[in-house]
Amino acid sequence: MITFVGKTHALMAHYIIWIVTFLAISGVIIRPFKIPEAVWAVSGAVLLVVLQLISPADAFLGITKGTDVYLFLMGMMLLAETAREEKLFDWLAAHATQMAKGSSTRLFFLIYLVGIVVTTFLSNDATAVVLTPAVAAAVKAAKVQKPLPYLLICAFIANAASFVLPISNPANLVIYGDHMPPLLLWLSQYIIPSIVAIGITYLMLYLTQRNALKQKIETNILIPILSEGGRTAIFGIVGTAVILLVASALNIQLGFPTAVTGIITSGIVIIRARKNPWIVVKDVSWSVLPLVAGLFVLVEALSKTGVIQVLNILLHQNAQNAVNQTAWGTGIVIAFACNLMNNLPVGLITGSVIQGGHIPDIIKSSALIGVDLGPNLSITGSLATILWLVALRREGQSVSAWAFLKLGFLIMTVALLFTLASLWI
């Protein structure tokens, strides 16, 4: 009788954990009453502790598991905000517009190239937050009547190019954790899938927007003067990329070097420009850090229910019986799951599962591609896409969830299938 009561109580606790987690993640995605995403994630985590469904020690353990991610985000956000404050991205976008020489199609291609570079070396969140307003300013200067196709680039390339390097997406750090592949191994696994994802996404996005691109654009573009701080930011970005590539090659966790280089670059720019540090610090999206911490706690609580262990067993069993089919199924299921739960919690769960034992590399690769590329389906798929939507609204533009879904379903599914297939090349 005691055993039955104990099992019933444990099962009830598991149900409540699932409900609280579902509601918290739903709040992050939907943002009811326009309450910030971080509030929902942190509230869910706190509620689990208050209801004694997870101990404070386990909650703290969950938070500490994200240390490398926090440091990575901190460094990247400081670096990106410093570059934005010095108008570096406006300068790049203006050059791209001038190089288009009046061709809307060439402008589309050049902005896509800038998006690839920013995503690869500054992360997909930087593309969404920083490049979106820069592109908006560039197309406005070019007197583009239909700017949406160019702004859509910022959303789609932010996810399509997010596994070129380990630093291109914080989700990469979450999935691999302490088992991040060295840089050369990473490139051998992901360079061909990255090229395929970027190429197919461009092709599908261009085909869906080609009619809107039949418009004239201004050829006399005023190029803003790049400040000394902007030039310093360029060196900082290049230096950061080199340091992170070396760290990745030496199999060193990326969070600490990212934070250090971001802080140093921002400090040098601020000192040389004689600016108040608050100008940069106040505009950094610091709420991302408690958002990620709250999600880590929620996933830690989920692990107590046994769901991660069950997924781990299922993955191992399927991998033993049919590796190729499991790789295909894993990538596809995860890709669509990201749009139901957001790719960060899905990435956390995926990371917990694949780090729990020996999983074939091709299945790990398909899982990462699903987490990184899958969010191109909907506006709630990733933090980067949500941030892009916020930036878009600030520029007076809007895209409905249904309109994005119709476009994303076509672009994402085609790109996903081709990218997963490229794993066998």
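The values are calculated or read from the model by the stated rules, or taken from the named source; none is laboratory data. Everything numeric in this text was worked out from a predicted model, so none of it was measured. Neighbour counts run over all protein chains shown; Cβ positions are idealised from the backbone, glycine included.
Residues checked against (1) within 30 Å of residue 82 (Cα to Cα); (2) in contact with a Gly (Cβ under 8 Å, 6 or more places away or on another chain):
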| residue | (1), (2) |
| --- | --- |
| 146 | yes, no |
| 150 | yes, no |
| 157 | yes, yes |
| 162 | yes, no |
| 177 | yes, yes |
| 202 | yes, no |
| 213 | no, no |
| 226 | yes, no |
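Evaluate the following for residue 219: is it β-branched (Val, Ile, Thr) and farther than 25 Å from residue 108 by Cα? No; evaluated as a whole, the condition is false for this residue. Mind checking which residues of the range 337-363 are in contact (Cβ under 8 Å) with a residue 60 or more places away in the chain and either in a helix (DSSP H, G or I) or surrounded by 24 or more Cβ atoms within 10 Å (Cβ to Cβ) (or both)? Scanning the range 337-363 gives 341, 342, 343, 344, 345, 347, 348, 350, 351, 354, 361, 362.
To keep it simple, each residue is scored yes or no on (1) hydroxyl-bearing (Ser, Thr, Tyr); (2) over 30 Å from residue 108 (Cβ atoms); (3) in a helix (DSSP H, G or I).
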{"residue": "192", "(1), (2), (3)": "no, no, yes"}
{"residue": "195", "(1), (2), (3)": "no, no, yes"}
{"residue": "203", "(1), (2), (3)": "no, no, yes"}
{"residue": "215", "(1), (2), (3)": "no, no, no"}
{"residue": "230", "(1), (2), (3)": "no, no, yes"}
{"residue": "236", "(1), (2), (3)": "no, no, yes"}
{"residue": "246", "(1), (2), (3)": "no, yes, yes"}
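May I ask you to list the residues in the range 300-321 that are part of a helix (DSSP H, G or I) and closer than 24 Å to residue 47 by Cα? Of everything in the range 300-321, those that are part of a helix (DSSP H, G or I) and closer than 24 Å to residue 47 by Cα turn out to be 300, 301, 302, 303, 304, 307, 308, 309. Across the range 81-96, a minimum of one residue is classified as outside any helix (DSSP H, G or I), surrounded by fewer than 22 Cβ atoms within 10 Å (Cβ to Cβ) and either in contact with a Pro (Cβ under 9 Å, 6 or more places away or on another chain) or modelled with pLDDT of 90 or more (or both). The set of residues in the range 365-400 being among the charged types (D, E, K, R), in contact with a helix residue (DSSP H, G or I) (Cβ under 9 Å, 6 or more places away or on another chain) and surrounded by fewer than 22 Cβ atoms within 10 Å (Cβ to Cβ) consists of 394, 395. Entry remark, the range 326-336: residues being surrounded by 19 or more Cβ atoms within 10 Å (Cβ to Cβ) and aliphatic (A, V, I, L, M) number 3 in total. Looking at the range 4-21, can you tell me whether even one residue there is at pLDDT below 90, crowded, with 20+ Cβ neighbours inside 10 Å and in a helix (DSSP H, G or I)? Within the range 4-21, one or more residues are at pLDDT below 90, crowded, with 20+ Cβ neighbours inside 10 Å and in a helix (DSSP H, G or I). Given the criteria outside any helix (DSSP H, G or I), aliphatic (A, V, I, L, M) and surrounded by 22 or more Cβ atoms within 10 Å (Cβ to Cβ), does residue 164 qualify? Spelling it out, residue 164 is indeed outside any helix (DSSP H, G or I), aliphatic (A, V, I, L, M) and surrounded by 22 or more Cβ atoms within 10 Å (Cβ to Cβ). Quick check on the range 234-255. Is at least one of its residues surrounded by 15 or more Cβ atoms within 10 Å (Cβ to Cβ), modelled with pLDDT of 85 or more and closer than 26 Å to residue 152 by Cα? The answer is yes, given that some residue of the range 234-255 is surrounded by 15 or more Cβ atoms within 10 Å (Cβ to Cβ), modelled with pLDDT of 85 or more and closer than 26 Å to residue 152 by Cα. Is at least one residue of the range 401-410 touching an Asp or Glu at 6+ places or on another chain (Cβ under 7 Å) and surrounded by 15 or more Cβ atoms within 10 Å (Cβ to Cβ)? Scanning the range 401-410 turns up no residue that is touching an Asp or Glu at 6+ places or on another chain (Cβ under 7 Å) and surrounded by 15 or more Cβ atoms within 10 Å (Cβ to Cβ). Only one of the listed residues (198, 264, 270) is touching a Ser or Thr at 6+ places or on another chain (Cβ under 8 Å), surrounded by 15 or more Cβ atoms within 10 Å (Cβ to Cβ) and modelled with pLDDT of 85 or more. That residue is 270. Within the range 273-283, one or more residues are in a helix (DSSP H, G or I), more than 23 Å from residue 367 (Cα to Cα), within 24 Å of the chain's Cα centre (by Cα) and not acidic (Asp, Glu).
For residue 211, the conditions (1) surrounded by fewer than 18 Cβ atoms within 10 Å (Cβ to Cβ); (2) in contact (Cβ under 8 Å) with a residue 24 or more places away in the chain all hold with the exception of (2).
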